[in-house]
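**Q** One structure, as structure tokens, below. Some questions next.
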Amino acid sequence: MARGSSGIVAGLTAAAVAAVCFLAYQASANAPDSVAAPTARSSGSSTAAPTEKPEAKREPLAIPADSDTGARVVYALKDRRVWIVDAKEKSLRTFTVMPSAISPLPGVYRVTSRSGTIKGSDGVPIEHVVRFASVDDVIVGFSAAQDDSMHSPDPTIKTGGVRMKRADGNAMWTFATVGVKIVVVP
């Protein structure tokens, strides 16, 4: 008789597990969206307020959304980054820069002049100078040090050279001819 009763118990247990699984599935399938999806909450949090959707994360190397349109050079002050953008909104190149002691305000500028090789206002030999703004009588422009350095500028000297690596300076020189749009964003 022991064998018969253990088989019955096993059968009833299997039926009970199947019933619980079926009821759990039905409950989750019919639950409202507010309780169906698990949410991340800190332990001890008991607020019933709906959680806000997280902001969409911006791709770190994506062209800033607030940077105008068309062929342009975008200079993001906070990110210390430049994008060279073609007319089809494709980033041709992006790279980091070392900001000058003087920075232009966010806005749209145009390349006003260029110089192949000169001495920078800080005394460093530079090349591929692309000028686009003036702030307090200081000319602001992109350039590359001939020794490929990107040192922080001396904050006591008013300089306007936004430094980049020589390879990036070559790309800038090729793209940013006189009249090309330069967009400065925060």
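The values are calculated or read from the model by the stated rules, or taken from the named source; none is laboratory data. It should be emphasised that the depicted structure is a prediction, and the values quoted were computed from it without experimental measurement. Note that each Cβ is placed from the backbone with ideal geometry, even for glycine, and that neighbours are counted across all protein chains shown. When the accessible area is computed, the model is the full protein with side chains, heavy atoms only, and any ligands, DNA or RNA have been set aside. Shrake-Rupley method; radii C 1.70, N 1.55, O 1.52, S 1.80 Å.
**Q** Return the total of residues in the range 172-182 being surrounded by fewer than 16 Cβ atoms within 10 Å (Cβ to Cβ) and in contact with a strand residue (DSSP E or B) (Cβ under 6 Å, 6 or more places away or on another chain).
**A** Final tally of qualifying residues: 1.
**Q** Okay, moving on. Could you go through the range 133-153 and let me know if any residue there is under 27 Å from the mean Cα position of the chain (by Cα) and among the acidic types (Asp, Glu).
**A** yes
**Q** So is ALA87 over 19 Å from ASN170 (Cα atoms), aliphatic (A, V, I, L, M) and either modelled with pLDDT under 95 or not in a loop (DSSP other than H, G, I, E, B) (or both) or not?
**A** No, not satisfied.
**Q** Go through the range 66-95 and count every residue that is open to solvent by 70 Å² or more (accessible area, probe 1.4 Å) and among the hydroxyl-bearing types (Ser, Thr, Tyr).
**A** 1
**Q** Right, another one. Scan (1) closer than 17 Å to THR94 by Cα; (2) out of contact with any helix residue (DSSP H, G or I) (no Cβ under 9 Å at 6 or more places or on another chain) for the single condition MET164 breaks and write down its number.
**A** (2)
**Q** Among (1) touching a Pro at 6+ places or on another chain (Cβ under 6 Å); (2) hydrophobic (A, V, I, L, M, F, W, C); (3) more than 22 Å from GLU59 (Cα to Cα), where does PHE132 come up short?
**A** Of the numbered conditions (1) touching a Pro at 6+ places or on another chain (Cβ under 6 Å); (2) hydrophobic (A, V, I, L, M, F, W, C); (3) more than 22 Å from GLU59 (Cα to Cα), the odd one out for PHE132 is (1).
**Q** Are there any pairs, at least 6 apart or on different chains, whose C-beta atoms fall under 8 Å, with the first in the range 98-122 and more than 21 Å from HIS151 (Cα to Cα) and outside any loop (DSSP other than H, G, I, E, B) and the second open to solvent by 30 Å² or more (accessible area, probe 1.4 Å) and of a type in the set (Ser, Thr, Tyr), and if so, which?
**A** ARG114/THR177
**Q** How about the range 100-121: which of its residues are modelled with pLDDT under 95 and surrounded by 17 or more Cβ atoms within 10 Å (Cβ to Cβ)?
**A** Scanning the range 100-121 gives SER100, ALA101, ILE102, GLY120, SER121.
**Q** Additional query: If MET172 meets every condition in (1) closer than 23 Å to PRO186 by Cβ; (2) not in a helix (DSSP H, G or I) apart from one, which number is that one?
**A** The one condition MET172 does not meet is (2).
**Q** Among the residues of the range 149-171, is there at least one that is of a type in the set (D, E, K, R), crowded, with 20+ Cβ neighbours inside 10 Å and without any contact (Cβ under 8 Å) to a residue 40 or more places away in the chain?
**A** Within the range 149-171 (the criterion being of a type in the set (D, E, K, R), crowded, with 20+ Cβ neighbours inside 10 Å and without any contact (Cβ under 8 Å) to a residue 40 or more places away in the chain), the answer is no, since none of the residues qualifies.
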